[in-house]
Amino acid sequence: MQGMLKRWITHKLEQSVRHSPAVVLLGSRQVGKTTLAQTMSQGRPFLYLDLESPADLIKLSDPISYLSQHNDKLIILDEIQRTPELFAVLRGVIDQNRRAGRKTGQFLLLGSASMDLLRQSSESLAGRISYLEMTGLNLLEVPVKNPADIQKIWLRGGFPESYLSDTDALSMTWLEDLIRTYLERDIPQMGFRVPAVRLRRLWTMLAHLQGEVINYSTLASNLEVDSKTVSHYLDILGDLLLVRRLEPWHTNVKKRLVKSPRFYIRDSGILHRLLDISNYDTLLSNPVLGKSWEGFVMENILSILPGNITAYFYRTSAGAEIDLVLKISSRETWAIEIKTGLVPKIKPGFYSACEDIGATKRFVVYGGDDEFPIKHDTTMISLHKLMTKLHDLNG
């Protein structure tokens with residue numbers, strides 16, 4: 001599978017391993033972390049341990065002794081969130097290696113949980129660890145020769161196994177199995193005591209509310225729980241990199257702003273499976289069409305952003321709105337509106353919102369494959385062309 005797909009993150013991972021004693025590669029389950037790590041390790045000595053495997057866990061019954069025996073290798077520890085107590089051990093091994101003159105490339109840790117969740121367990125590795133997130137496949141990593149190629153990855157999402165399925169039906173079957181694995185195995189194994197049926201209902205509700213500001217009380221009432229419990233469930237889905245929480249633009253603007261976050265199902269394939277959208281024709285007739293495209297575009301853009309760029313949305317109580325605001329630097333802010341179709345209508349509120357935030361560049365991502373200027377210094381652009389511009393920011 002890996003030979004068919006060129007992952008742009010490979011270069012960043014190799015750079016990080018060369019310059020840091022420990023690197024954490026984060027990403028949701030089945031996104032391809034293990035395949036990427038093992039492929040990258042070819043040509044150098046490495047040791048791979050799966051921390052979900054009882055046989056491999058036995059080897060770590062005396063972790064300091066075992067790991068020290070392999071200090072001439074790149075040690076790959078998969079599913080590191082299962083054994084957070086190892087972080088303290090790794091600190092000792094790394095410091096021992098530093099005293100012996102070895103400063104980089106010792107550990108590659110693979111995790112299926114968010115940076116925030118892992119950082120709670122890795123504070124002892126401050127100054128010794130770096131983080132990278134691996135998302136699903138994006139539009140720069142798959143062949144795109146015609147609109148059907150974009151429709152395929154949009155419908156099926158970015159999980160390699162789903163994208164590479166022989167048919168849409170097989171893709172949806174694979175995604176259903178993934179959803180059930182999360183609900184029935186992964187979430188309970190991580191110590192979260194949440195009824196699988198209830199969490200799936202919430203996940204599906206979020207799919208119907210894709211990209212909206214949600215009402216916690218309404219969700220709580222529908223689930224027959226309290227708002228605090230809904231917040232806890234959302235944190236779980238966020239920690240597992242399944243749901244994205246997009247914060248509102250917070251710079252002081254003399255207007256009444258929407259201050260609550262928006263939530264997106266991160267993978268478009270999971271979104272469509274939760275909503276029982278099984279093919280592209282069904283998607284075209286579903287009310288979620290616009291928000292599905294919005295989330296798909298957003299995840300593609302965010303998947304290639306350098307770590308120093310932050311993302312927001314902007315909306316005033318009067319309705320002036322920008323779907324995605326990228327703070328490129330202290331002097332540069334990009335405003336991105338996301339529209340389906342080949343002849344989208346841009347509301348005046350987008351242009352006034354750009355003035356509010358002082359946008360230095362304005363883009364409208366549309367369903368075509370061209371790039372051309374429209375009024376108010378705004379550029380109509382395809383997703384692929386905009387991603388290429390953003391990719392160039394990585395140097």
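A short reminder: the numbers here are calculations on the coordinates, not readings from a lab. Keep in mind that what you see is a predicted model, and the values were worked out from it rather than measured. Cβ: placed from backbone, ideal geometry, glycine included. Neighbour counts: every protein chain shown.
Note the angle between two axes, namely the Cα long axis of helix 9-19 and the longest principal axis of the Cα atoms of the chain, as a number of degrees from 0 to 90, rounded to the nearest 10. Computed tilt is about 40 degrees.
Ranking Ile328, Ile80 by Cβ neighbours within 10 Å, fewest first, what do you get? Working shown, then result.
On the way: Ile328 17, Ile80 27.
Lowest to highest Cβ neighbour count: Ile328, Ile80.
Here the label points at Asp72 and Asn308, each 7 Å from Cα along the C-beta direction, are separated by 4.0 nm in the simple model.
What number comes out for the charge environment of Ile76, summing +1 per Lys or Arg and -1 per Asp or Glu over other residues with Cβ under 12 Å away? Could the numbers behind the result be given before it?
Numbers: positive: Lys33, Arg44, Lys73; negative: Asp50, Asp56, Asp78, Glu79.
Taking every Cβ under 12 Å from that of Ile76, the sum is -1.
Given R₀ = 45 Å, what would the calculated FRET efficiency be for Ser65 paired with Thr10, taking r from the Cβ atoms and rounding to 0.05? That pair, Ser65 with Thr10, gives E of 0.85. Under the simplified labelling scheme, the Val225-Leu342 pair shows an inter-label distance of 4.6 nm, with each label point 7 Å from Cα along Cα→Cβ.
Step through the table entries Lys73/Lys327; Lys12/Lys259; Lys228/Lys385; Lys33/Lys347; Lys152/Lys345, compare each Cα-Cα distance with 30 Å, and write down the pairs that go over it.
With Cα atoms farther than 30 Å apart: Lys73/Lys327; Lys12/Lys259; Lys228/Lys385; Lys33/Lys347.
Using the Cβ-Cβ distance between Asp166 and Thr282 with R0 = 30 Å, the FRET efficiency computed as 1/(1 + (r/R0)^6) comes to roughly 0.95. Separation of region 317-395 and region 180-214, taken as the distance between their Cα centroids, equals 32 angstrom. Once the Cβ-Cβ distance of Arg18 and Lys145 is raised to the sixth power relative to R0 = 35 Å, the FRET efficiency obtained is 0.50.
Taking the 0 to 90 degree range and rounding to the nearest ten, how far is the long axis of helix 348-357 tilted relative to the main principal axis of the chain, both from C-alpha atoms? Taking the Cα atoms of the chain, the angle to 348-357 is about 50 degrees. GNM on the chain, alpha-carbon springs under 10 angstrom: the most fluctuating residue among Gly157, Gly269, Gly358 is Gly358.
Using 0.36 nm per residue, how much length does the chain from Arg180 to Ala318 gain when fully extended, once their Cα-Cα distance is taken away? Before the final figure, lay out each step's value.
Working: separation 138, 0.36 × 138 = 49.68 nm, distance 4.10 nm.
Full extension from Arg180 to Ala318 adds 45.6 nm.
Label sites at Arg98 and His208, each approximated as a point 7 angstrom past Cα along Cα to Cβ, lie 5.3 nm apart.
Identify, among Ile381, Ser303, Leu219, the residue whose Cα sits farthest towards the positive end of the charge dipole of region 147-392, taking +1 on the Cβ of Lys and Arg and -1 on the Cβ of Asp and Glu, with the dipole about the Cα centre. Of the options given, the answer is Leu219.
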